[in-house]
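Participant: For reference, the structure I am asking about is given below.
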Amino acid sequence: MIKSNSCDEIALAARNVRKSFGSTEIIRGVNIDIRQGERHALIGPNGAGKSTMFNLLSAAFAPTSGEILLNGTVINGLEPAEVNRRGLARSFQITSIFPRLTTFENLRIGAFARYGVRFNILSTANRLRKANEEADRLLRLVRLERVASELAGNLAYSDQRALELGLTLATDPRVILLDEPTAGMSREEAEYATSLIRTVTEGRTLLIVEHDLDVVFSLADRMSVLVHGQIIASDTPAEVKRNAEVQEAYLGQEAAAC
Amino acid sequence: MTATDLNIEDSNRTSARKAPGLGLLLITGVTVLLFTLPLLIPPVFLNYAIKMMVAGLFALAFNLLWSHARLLSFGHAAYYAIGAFAVIHALSLSERGVLSIPTPLIPMMGLIAGALIGLVVGYLATVRGGTYFAMITLAVGELLLSIAPKWEAVFGGESGLSSMRMPWAGLTFGMVGEVYIVVLIWCLFGLVLLRWFSATPLGQIALAIGDNEKRLRFLGYRTHAVKTVIFSLSAAVSGLAGGLIAFAMESASFELFAGANSAMPVMHTFLGGADVFLGPIAGGMGLTLFSELASNASRLWLLYMGVIFVIVMMFAPEGLAGFISRHVKLSLTCWRLLIADYAVFLSGCAGLVLSGVWMAEVSYRLMGTSPIVGLTPDGTITLFEWTFSATSKPLWFAAVAVFVLSLFGVLAAAKRARTTWLTIGQKKDGLR
Amino acid sequence: MEMLSISLLNGTIYGLLLFMIAAGLTLIFGMMGVLNFAHGAFYMLGAYAGYVLSARVGFFPGLLVAGLIVAAIGAMVERYMLRSVHAHGHAHELLLTFGLLFVFDEIVKFFFGYYPVSYRVPETLSFSVFRIGSLEYPAYRLFVGLVSIGFFGALVLILRFTRIGLVVRAAVHKPMMVEALGHNVPLVMLLVFAVGAGMAGLAGAVAGAFYPTSPAMASEIGTIVFVVVVVGGLGSLGGAFIASLMIGILTTLMVGVDTTLADTLSFVGFGSWGKDIGGIFAVPLSASAGTLPFALMLMVLLLRPAGLMGERT
Ligand SMILES: Nc1ncnc2c1ncn2[C@@H]1O[C@H](COP(=O)(O)OP(=O)(O)O)[C@@H](O)[C@H]1O
Ligand SMILES: [Mg+2]
């Protein structure tokens, strides 16, 4: 599974990306490089445009101008499904699961995609051993065995967040985008989720939006700070911490808020 | 983990219910009953049975789209009609000796024609969801309805087409009993096909589309393709249903394309209960039986059905089957709390129906708008062998009184029952 | 040439009439997200109300009262029916209005039978205004056009220059936002629904005297108006206006065309092939005028899914 960390290769990049909704420009010329195999954190105050940036990187919408590159090829204007098949998966800040399916079935939907049985109508879903085993594995991974046969729509909020994470991992992506994965979890659950993220992203590329700076500093190899639609710093956590501009624009403010 | 471990876990992990022995027994019993029906009831009723089964199958096919992908089609008459015409053409080809398919297999042509046209229309219609989807299906239906009567060669113009079932393997298909068995087998085939589909990976994906199409796209699914396939399957089974009707009637006309045929599966499905697998079948069979029986007795059947539909949409949107399935899980204690109110409610409903229908039927005759039913010259009516004066004041007073009283009874009982339900819900939450 | 100008005039008037019905439908969609299946039934109810009332209270007062009655029915439908299913989602609202169309249809058949009633243009308006060549132009048609233009003007003025018009326009775009700003959106919706139904009813009362008044008119005009609203872009009043005129004029023009599709194909050398297929290819275009709106709608939906002026997807 583990690939040699060739840090010079760029897994995911934005080049001069701009995005406007109507007349307001939300993303104002972002350049960002996510290297192959690194864990990269994206931080910034609320409304800075982090989720919008995620939408652009995962092809949920096309940038107004600029380019998004996945493994060196431009993915602007591709379908989200196509981008996923090229190895990128994302989670959503606002939980996005399948409420009429059970927890197990939710995860199995992701596993189907992985084993290429999308259009299978010749055998029942319960018979597909590989997909079921994979769903089982994911279920244990995100610690949801106890609610395996509950409808996802009836789960507690923190369980739904865990399921969201599981769904994102289900297609075995090489590049993983997580938008505030631990928001709304208890301290304990968040700690487990963080260690889980650390384990599953071993050898893969991660871009994560996270408000808890302790988590960011312990998890991330590098981090970028997005303020008002612009990247003001992009470096190792230690360097970013020292950066005066960041102190002023973000960290100080956050500290004051806490 | 051992194999047996896995099996046990599998069965409670997925939403598919365990099929206990009782269920299997019931299914076998019903199937045997259906196959022996020709021996038990006179041929007229077999004709009813054919129409009922076809209506049930049609509703089920329509509901494939709604129950899974949450797509509402208002133009399913198109696929029903095309299936019917495919079968008529196949029948007349085999009559002329051009085509040699065994006669019982000919309804298959309806399935194939439906699938093909469904593939094309489905591809176009599922580009958009929601209201747009509904409008496109409606437009396609209207488009075909406006073309069909003008295309002599394919749809037989205003008068339609007819042909004959050829004998095969010693069976003449001249008797309704034989036709009934063919229709029954095909309906069961359609039923099993749709049931099977929901258990396959694609069936699950279709369900996921109805839940959250966007998320599915980010999991690598091209949802448009999936929707096209489901649409095609739904159209195929609708085509089979239409083909079976044509097979039984030996004729088809452009009127099969009419909006009424698109409305039927919608009504049947939502009255029966869209989110329970057997709901549309129950709705289709029940309402068809009623309409066959009632349309002989009353010209107002469609009005009653429309009113019932509106009432159900307002007060019990989960439909009859949904309503029932909510009750089968109730414990005895809960039943004891509810039973009195339900008794009042049901007798109130009976009162409403009786007085309402009486008033509607009598005033319909008084209006004199119908060319068929009316008053006798001396102003009397005979309903169910009961002759009375249409303008009798005591009768009208009684009817209005029963209506008003029943209405109050129903409203009061419904209110109390709802409060009871709320407390039941709270108790359940408390247990969790 | 005379034929053409008359057709154009007829088409424009028919288009204006369509707009009078479509305006309410598209505004209601914009605000509630519900395409009201029963809207065509309001048109039909208006025609029958006009028929009954014109005999009692005189023709012109009859028109007005018919419009008001249908507006009241619309208000009741919104307040007591649609609002209670709102919680079950848009699909159920759509289904409810679908059922209502069915019920209204059957109720009209109950009272008036299946066949057209003799609802006539009044004496005062049954003369011809002018003649083009040998063709006389009926005054009532102009009256239909004038009423429609009058309502179009009134609607534009209300939406542009009054406070309630402003709220309606805003609510079409962002209902939640407007509610959050403290406006009584449910009341505005009730009003829009009633006014929309009333306009359809008035249109029915006016047009019913000229076109046949029968139970079939609900679903006939209903589907055409759906087409108008979808082609124009769901929720867009301007789009509905353009689409109304376009469909009104195109269908009216097409009725006067006698060539067949096969003839058209012969321009490119496929004429005999077209005649062999027969069916739609051999029928004069005039007979397929009913097909045109639906074909147009499919084309628009596939080429420009949001409709001519729509922004919602
Ligand atoms: N689809 C959209 N249309 C209009 N404005 C949007 C849209 N999505 C996001 N925005 C705006 O973009 C800004 C940034 O939002 P977001 O990316 O969610 O911020 P963050 O995730 O950093 O908190 C917000 O002001 C939001 O209102
Ligand atoms: Mg965000």
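Participant: Which residue, B:LEU64, B:LEU332, B:LEU346, tops the fluctuation ranking in a GNM of chain B built on C-alpha contacts under 10 Å?
Facilitator: So, out of B:LEU64, B:LEU332, B:LEU346, the one fluctuating most is B:LEU332.
Participant: Near the amide H of B:ALA258, under 5 Å away, which other amide H atoms are found, from residues 5 or more places off or on another chain, if H is placed in the peptide plane?
Facilitator: The answer is none.
Participant: Take every Cα pair under 8 Å in chain A that's 6+ residues apart, average their separations, divide by the length, and report that relative contact order as a whole percent.
Facilitator: 26
Participant: For A:ARG90, list long-range residues whose amide hydrogen, built 1.01 Å from N in the peptide plane, is under 5 Å from its own amide hydrogen.
Facilitator: Amide H to amide H, under 5 Å and 5 or more residues apart or across chains, A:ARG90 pairs with A:LEU177.
Participant: What is chain B by shape, rounded, prolate or oblate, if you read a ≥ b ≥ c off the alpha carbon gyration tensor as root eigenvalues and call it rounded for a/c under 1.5, prolate for a/b larger than b/c, and oblate otherwise?
Facilitator: In terms of gyration-tensor shape, oblate.
Participant: What's the exposure ranking of B:VAL192, C:VAL147, going from fewest to most Cβ atoms within 10 Å?
Facilitator: B:VAL192, C:VAL147
Participant: Related question: Using θ = phi - 60° and the Karplus curve 6.51 cos²θ - 1.76 cosθ + 1.60, what whole-Hz ³J(HN,Hα) does each residue of the stretch C:142-157 get, with Gly and Pro shown as x?
Facilitator: Per residue, the Karplus-derived 3J(HN,Hα) values read 4, 4, 4, x, 5, 4, 4, 4, x, 5, 4, x, 4, 4, 4, 4 Hz.
Participant: What are the semi-axes of the equivalent ellipsoid for chain A, taken as the square roots of 5 times the Cα gyration tensor eigenvalues, largest first, in whole Å?
Facilitator: 31, 21, 17
Participant: Could you size up the charge dipole of the stretch C:2-216 around its Cα centre, putting +1 on the beta carbon of Lys and Arg and -1 on that of Asp and Glu, and report it in debye to the nearest 20?
Facilitator: 360
Participant: Once you sort the root eigenvalues of the Cα gyration tensor of the protein assembly as shown as a ≥ b ≥ c, which label holds: rounded (a/c under 1.5), prolate (a/b larger than b/c) or oblate (the other case)?
Facilitator: prolate
Participant: While we're on this one: So what's the gap between the Cα centers of the stretch B:326-366 and the stretch A:92-159, to the nearest angstrom?
Facilitator: Rounded to whole Å, the Cα centres lie 42 Å apart.
Participant: Would you compute, for the Cα atoms of the stretch A:99-172, the largest minus smallest coordinate along each principal axis and list the three values in descending order, in whole Å?
Facilitator: Principal extents (Cα only, largest first): 35, 22, 16 Å.
Participant: Still on this structure, please answer the following. Can you compute 3J(HN,Hα) from phi for each residue in the stretch C:12-27, using the Karplus curve 6.51 cos²θ - 1.76 cosθ + 1.60 with θ = phi - 60°, rounded to whole Hz and x for Gly and Pro?
Facilitator: So the Karplus estimates, Gly and Pro as x, are 5, 5, 4, x, 4, 4, 4, 5, 4, 7, 5, 4, x, 4, 6, 5 Hz.
Participant: Can you tell me the Rg and Dmax of the stretch B:227-371, counting just the alpha carbons, in angstroms?
Facilitator: 18.7, 55
Participant: Taking neighbour counts of Cβ atoms within 10 Å as a proxy for exposure, in what order, fewest first, do B:SER347, B:SER100 appear?
Facilitator: Going from least to most buried by this count: B:SER100, B:SER347.
Participant: Taking springs between alpha-carbon atoms closer than 10 angstrom, which of B:TRP168, B:TRP386, B:TRP396 fluctuates most in the Gaussian network model of chain B?
Facilitator: Fluctuation is largest for B:TRP386.
Participant: Additional query: What list do you get for B:THR288, C:THR162 if you sort them by fewest beta carbons within 10 Å?
Facilitator: Ascending number of Cβ neighbours within 10 Å: C:THR162, B:THR288.
Participant: Filter the cross-link list B:LYS329/B:LYS415; A:LYS19/B:LYS227; A:LYS50/B:LYS214 down to pairs whose alpha-carbon distance in this structure exceeds 23 Å.
Facilitator: In this structure, A:LYS19/B:LYS227 exceed 23 Å between Cα atoms.
Participant: Which residues in the stretch B:348-368 have a backbone N closer than 11 Å to a point placed 7 Å from the Cα of B:ALA316 along the Cα-to-Cβ line?
Facilitator: Residues B:349 fall inside that zone.
Participant: If you build a Gaussian network model of chain B, linking Cα atoms that sit under 10 Å apart, which residue out of B:GLY114, B:GLY322, B:GLY243 swings the most?
Facilitator: Checking each option, the largest mean-square fluctuation is seen for B:GLY322.
Participant: Have a look at the DSSP beta bridges in the protein assembly as shown and tell me what percent are antiparallel, nearest 5.
Facilitator: So the antiparallel bridges amount to about 70 percent of the total.
Participant: Count the net charge of all other residues whose Cβ sits under 15 Å from the Cβ of C:VAL188, scoring Lys and Arg as +1 and Asp and Glu as -1.
Facilitator: Net charge in that neighbourhood comes out at +3.
Participant: Let me ask something additional. Given H placed 1.01 Å from N in the peptide plane, which residues other than close sequence neighbours of A:ILE26 have an amide H under 5 Å from its amide H?
Facilitator: Placed amide hydrogens put A:LYS19, A:SER20, A:PHE21 under 5 Å from A:ILE26.
Participant: If R₀ is 22 angstrom, what is the calculated FRET efficiency for the pair B:VAL400 and B:SER347, using the beta carbon separation as r and rounding to 0.05?
Facilitator: 0.80
Participant: A follow-up question, please. Tell me the relative contact order for the stretch B:12-299 as a rounded percent, counting alpha carbon contacts under 8 Å between residues six or more apart.
Facilitator: Once divided by the residue count of the stretch B:12-299, the mean separation gives 38 percent.
Participant: Using the Karplus curve 6.51 cos²θ - 1.76 cosθ + 1.60 with θ = phi - 60°, what ³J(HN,Hα) values do you get for each residue of the stretch B:232-245, in whole Hz, with x for Gly and Pro?
Facilitator: 4, 5, 4, 5, 4, 5, 4, x, 4, 4, x, x, 5, 5
Participant: With Cβ to Cβ distances under 15 Å as the rule, what net charge do the other residues near C:GLU179 carry (K, R +1; D, E -1)?
Facilitator: It works out to a net charge of +3.
Values in this text are rule-based calculations from the coordinates and carry no lab data. Predicted model, so just to flag it, every value in this text is computed and none were measured. We place every Cβ from the backbone using ideal geometry, glycine too, and count neighbours over all the protein chains shown.
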